[in-house]
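The values are calculated or read from the model by the stated rules, or taken from the named source; none is laboratory data. These numbers were taken from a predicted model, which means no experiment stands behind them. Neighbour counts run over all protein chains shown; Cβ positions are idealised from the backbone, glycine included. Areas reflect the complete protein model, heavy atoms only, side chains present, ligands, DNA and RNA absent. Shrake-Rupley method; radii C 1.70, N 1.55, O 1.52, S 1.80 Å.
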Amino acid sequence: MLRDKHIILGITGGIAAYKSVQILRLLRKAGAEVQVVITPAGKEFITPVTLSALSGKPVVSEFFTANTGQWNSHVDLGLWADAMVIAPATASSLAKMATGVADNMLITTYLSAKCKVFAAPAMDLDMYRHPTTQRNLLTLQQDGVTLIEPADGYLASGLVGKGRMEEPEEIVRRMDEWFESRGELKGKKILITAGPTHEKLDPVRFIGNYSSGKMGFALAAECAARGAEVTLVAGPVQQNTPQGVRRVDVTSAREMHDVCVAEFPAMDAAIMCAAVADYAPESCSERKIKREKTGEMTLRLIPNPDIAAALGKIKTGNQRLIGFALETDNEQANALDKLRRKNLDFIVLNSLRDPQAGFGKDTNKVTILGADGREQPFPAKSKTLVAADIIDFTL
Ligand code: PMT
């Protein structure tokens, strides 16, 4: 899977840098094109001459190449790469990555990279265990970095414990596995709903909710990245359409219902992530509703169609239907009730009581419940990683 892939190999200043040579050799052997970016401290452990000879490219380390004065563009490098692996990743470099301290070429490249990033931490066991390092690692995971955990064993300090960089073969295997997962949904058609619905009251007002669309758009991006043909039915949101995704914009629950019912028969799966209004005003005034001098005003609401339940009714044996449940109390019981009533295969439960979950956040914390009785809780992660978990578990 690594053949012809563009890989940035980031090397920081740790004793495990000698193993980076083996990572470079394995990547090259697998057919990848590798650009080494090394920190100034990294060069104390391994020479750029060795790395450029093995990669077939000049090693990048400084913002400017001293003898020519040429500027090394971290932006171009970030765009060039299909994946980036930082191995070894020292405590200091991990901290800079987590907090955006862009004081060397490697960290600026990391911040510019749009591709998948792997990091293989390597340090002494007490540094690894330290709450600061653990906090930084959690931040990086939430930012979508895949950590290749250090192994237990003899450390350069003479101590024994966790902190030794994972073996090069395992690091390259994990990268290969990730590239392989990219094509796993090829040939599948997936319908995804995202965002809120707006139910119009008059030309200037509506009933809506706080959904930003982030969770649904992350699902669409991840399904598309894995090769699926994605139709994203989006309520009114300010989100960029992920690459390769067909987007259908709607405003109301009724419009979302009509698009979904028409599209679903051609789909292999549907993921209902939108926060759909359960009620809409009975009528929409053509003119702006004026304040009544007499005081109170009564609004009559009528139920909207339940889109997930409508798809549950027409679902065939070959189709998967996945819903979400956004709860504030009796979370599990309410989610299971929705799973059954709407004839879903899975329901993704997130609770508004959880500070890392819900509307507008960049993170979510979910438990996936299956119609077959399976139940899988996940820790808080970025919505991108939550999307990957949902796809791994349900599709
Ligand atoms: O968009 P973000 O800001 O990133 O926030 C993400 C999210 C909180 C919106 C998302 O994670 C989420 O929980 N979405 C579902 C919200 C919701 O409306 O849940 P619900 O429990 O009310 O509905 C249950 C299921 O039925 C959902 O799959 C919903 O899409 C669907 N439904 C609900 C009502 C309706 N009339 N038709 C439906 O299809």
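So here's what we get for this one:
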read-out: Meets criteria (within 9 Å of the ligand (Cβ to nearest atom), surrounded by fewer than 22 Cβ atoms within 10 Å (Cβ to Cβ), of a type in the set (Asp, Glu) and in the same structural domain as Ala310 (by TED's automatic domain parsing)) for Asp278; value: yes
read-out: Selection from the range 182-199 of residues that are within 16 Å of the ligand (Cβ to nearest atom) and either surrounded by fewer than 15 Cβ atoms within 10 Å (Cβ to Cβ) or in a strand (DSSP E or B) (or both); value: Ile190, Leu191, Ile192, Thr193, Ala194, Pro196, Glu199
read-out: Residue within the range 205-226 that is farther than 30 Å from Thr146 by Cβ and small (Gly, Ala, Ser) present; value: yes
read-out: Qualifying residues in the range 323-374 (those that are more than 8 Å from the ligand (Cβ to nearest atom) and part of a strand (DSSP E or B)) - the one nearest to Ile390 (Cα to Cα); value: Ile368
read-out: Odd one out for Arg300, checked against (1) surrounded by 14 or more Cβ atoms within 10 Å (Cβ to Cβ); (2) more than 10 Å from the ligand (Cβ to nearest atom); value: (1)
read-out: Lone qualifier among Gly370, Gly323, Gly317, Gly312 - being open to solvent by 80 Å² or more (accessible area, probe 1.4 Å) and at negative phi; value: Gly317
read-out: One residue from Asn350, Asn330 being of a type in the set (S, T, N, Q) and either open to solvent by less than 80 Å² (accessible area, probe 1.4 Å) or not assigned by TED's automatic domain parsing to the domain that holds Ala194 (or both); value: Asn350
read-out: Members of the range 249-272 that are within 21 Å of Ile314 (Cα to Cα) and open to solvent by 20 Å² or more (accessible area, probe 1.4 Å); value: Arg254, Glu255, His257, Asp258, Val259, Val261, Ala262, Glu263, Pro265, Ala266, Asp268
read-out: Test: residue in the range 257-270 that is among the hydrophobic types (A, V, I, L, M, F, W, C), in a strand (DSSP E or B) and more than 8 Å from the ligand (Cβ to nearest atom); value: yes
read-out: Total residues in the range 1-48, condition of a type outside the set (Ser, Thr, Tyr), in a loop (DSSP other than H, G, I, E, B) and within 26 Å of Leu125 (Cβ to Cβ); value: 8
read-out: Residue count, the range 1-13 (criterion: in contact with a Ser or Thr (Cβ under 7 Å, 6 or more places away or on another chain) and open to solvent by 10 Å² or more (accessible area, probe 1.4 Å)); value: 1
read-out: Filtered residue count, the range 310-322, keeping only those that are more than 8 Å from the ligand (Cβ to nearest atom), assigned to a helix (DSSP H, G or I) and out of contact with any Leu (no Cβ under 9 Å at 6 or more places or on another chain); value: 2
read-out: Test for Val233: is it modelled with pLDDT of 95 or more, closer than 22 Å to Val261 by Cα, surrounded by 23 or more Cβ atoms within 10 Å (Cβ to Cβ) and assigned by TED's automatic domain parsing to the domain that holds Leu352; value: yes
read-out: Test result for Arg246, open to solvent by less than 50 Å² (accessible area, probe 1.4 Å) and more than 16 Å from the ligand (Cβ to nearest atom); value: no
